[in-house]
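Following: one structure in structure tokens, then a few remarks.
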Amino acid sequence: AIHAGSGSRGWVACGAMAARGPDLDRRPSVWPRALVLGAVGLVGIVGIICVIGQFADGSLYEYLVIKRQEPSLGTTRQGAHLLGQLPLYLGVKAGITSMPVLDLLLGLGLVGLGAACWFVALWLHRGTPWFWVLTAGWSLSTLSSFVACSEGTLAYGLCALAVALLLLPRSLRVAEVVVLELCGLALLASYPTLSFLGLVLAGGALARWRPRGSASLDEPWVAPWLLCASALFVLASICSVVQVLSVTNGDPVSSYLDARVTFGSTAHLQLVLTFGLLVLLGAAWWLPRAARWLEILGAAVGLALLVPAWWASPSTEFFSRVMVGGCLALLFGAALLVAFARVERSTRSPRLSGVLLGLVVVVSLVHLISLDLGFRTWRGHLAQSVQTHHGLVAFSHSGLSRAEFDRYGWSWTNPVQSTLLMNAAGQGIILNPEPDWSPFGPKMRNLELPRRYLNP
């Protein structure tokens, strides 16, 4: 089911299928598609419940919103910061003082919004072959989405939603045009990878505005809005380039192109294997004569993906965010090119491709949920240590596992996360294992929340 027909005939067929509406009860692929949608929803729900929003910088965001009673927007990426922190901010302004509830609101913004974007993107194409391309994109996104505090998590979800709208094989409706414009606005100050993802989206909007070799799918009133969306995406790209080159944002080019996110690093083997397998699946569909051998090679890569020792750790996902964005740009760009360039392509679906794509989805699901549950366990251990100690506590005296910290902790966030886990005044602030950069002074005199947030 990973094809869209041959030439413009396939596009017309997709349009006819969408026009008569999805018929999931009669389609043979209803269950695979339903399972993928369920996996996307499950990942979002589990991430919120496990409070993975507190991983790395996320704990500082929650602390600052509660402490200052306003969003912490920083100097760049304000759009993504505002959207991600909005549920928590609204909860704080509504007078909610229950920390468990505020933790869930943090997750709703940092985890739930991005997951919702992917879910809606897939739902829009539940009756078209593009569903499987978006499924491949979601699987790639999970290789950095554990780092929910990253602006890239939400940005990639917004990009997927925009691509899904551009790929719809019928005229866009009013609500869909509004969502496309909102995506463009939200991406204006979101994440550095929009420097190239923005150009992909802009090209897709222009291609839909004036497709090659056929009349536009959209009604005439949609055309100026597609041009507006394209302009917003170009502007998002320019803003991202300015962010990267700015010397005041603390994110220099050398960090942006950090060697730890290259394909040559074995620490990112899961990303290499996942993207490599998806490339083989695309090649098998495009080159039917070589499909058999490409699928055999893909099966070997799929077996390698089943080795948990090669799955990414939380810190690996943190340093994979830019490369994941690059992979998504290639995938989205290829999909938009195939859709609007009307290139001739095979109508044959390789037999094993669906099985191998299903394998990618299952591995992505199991991997991400295992990280979520592991972080929940670590957070529980940290809470127990905080609530059974008093004052500043050296990590070596906290009773916490260094191995568990190395996997699920962060180099400087123990003190602020400790503050969020207190349920009474004067409880322990667990220090970081080693001296490192920290936004707090050496004695952390001001690292505390108002007493009304200390829930016994």
*Sort out which residues of the range 79-91 are free of Cβ contacts under 8 Å to residues at least 60 places away in the same chain and closer than 24 Å to Leu368 by Cα, and write them in order of number.*
Gln85, Pro87, Leu88
*Does the range 86-95 include one or more residues that are aliphatic (A, V, I, L, M), open to solvent by less than 10 Å² (accessible area, probe 1.4 Å) and in a helix (DSSP H, G or I)?*
yes
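Return the residues of the range 376-403 that are part of a helix (DSSP H, G or I) and either in contact with a Pro (Cβ under 7 Å, 6 or more places away or on another chain) or farther than 30 Å from Ala39 by Cα (or both); say none if nothing qualifies. Spell out the reasoning first.
Initial filter on the range 376-403 (part of a helix (DSSP H, G or I)): 376-387, 395-397, 402-403.
Hits for the range 376-403 are Gln384, Ser385, Val386, Gln387, Phe395, Ser396, His397, Arg402.
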*Can you run down the residue pairs with Cβ atoms below 8 Å, 6 or more apart or on separate chains, where the first is in the range 92-114 and farther than 17 Å from Met422 by Cα and the partner is surrounded by fewer than 19 Cβ atoms within 10 Å (Cβ to Cβ)?*
Val92/Gln69; Lys93/Gln69; Leu105/Leu90; Leu105/Ile96; Gly107/Ile49; Gly109/Leu86
_If I filter the range 328-343 for residues that are on the phi < 0 side of the Ramachandran plot, assigned to a loop (DSSP other than H, G, I, E, B), surrounded by fewer than 17 Cβ atoms within 10 Å (Cβ to Cβ) and at pLDDT 90 or above, do I get at least one hit?_
no
*Return the only residue of Leu42, Leu64, Leu82 being at pLDDT 95 or above, part of a helix (DSSP H, G or I) and either open to solvent by 40 Å² or more (accessible area, probe 1.4 Å) or closer than 28 Å to Thr419 by Cβ (or both).*
Leu42
_Every residue in the range 175-189 that is open to solvent by less than 10 Å² (accessible area, probe 1.4 Å) and not in a helix (DSSP H, G or I), please._
Leu187
*For the range 123-146, name all the residues that are part of a helix (DSSP H, G or I) and over 14 Å from the mean Cα position of the chain (by Cα).*
Trp123, Leu124, Trp130, Phe131, Trp132, Val133
*Considering residues of the range 150-174 that are open to solvent by 10 Å² or more (accessible area, probe 1.4 Å) and hydrophobic (A, V, I, L, M, F, W, C) only, the residue farthest from Leu227 (Cα to Cα)*: Leu154
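The values are calculated or read from the model by the stated rules, or taken from the named source; none is laboratory data. From a predicted model like this one, the values you see are computed outputs, not experimental measurements. Cβ: placed from backbone, ideal geometry, glycine included. Neighbour counts: every protein chain shown. We work out accessible area using only protein heavy atoms, side chains counted, and drop any ligands, DNA or RNA first. Shrake-Rupley method; radii C 1.70, N 1.55, O 1.52, S 1.80 Å.
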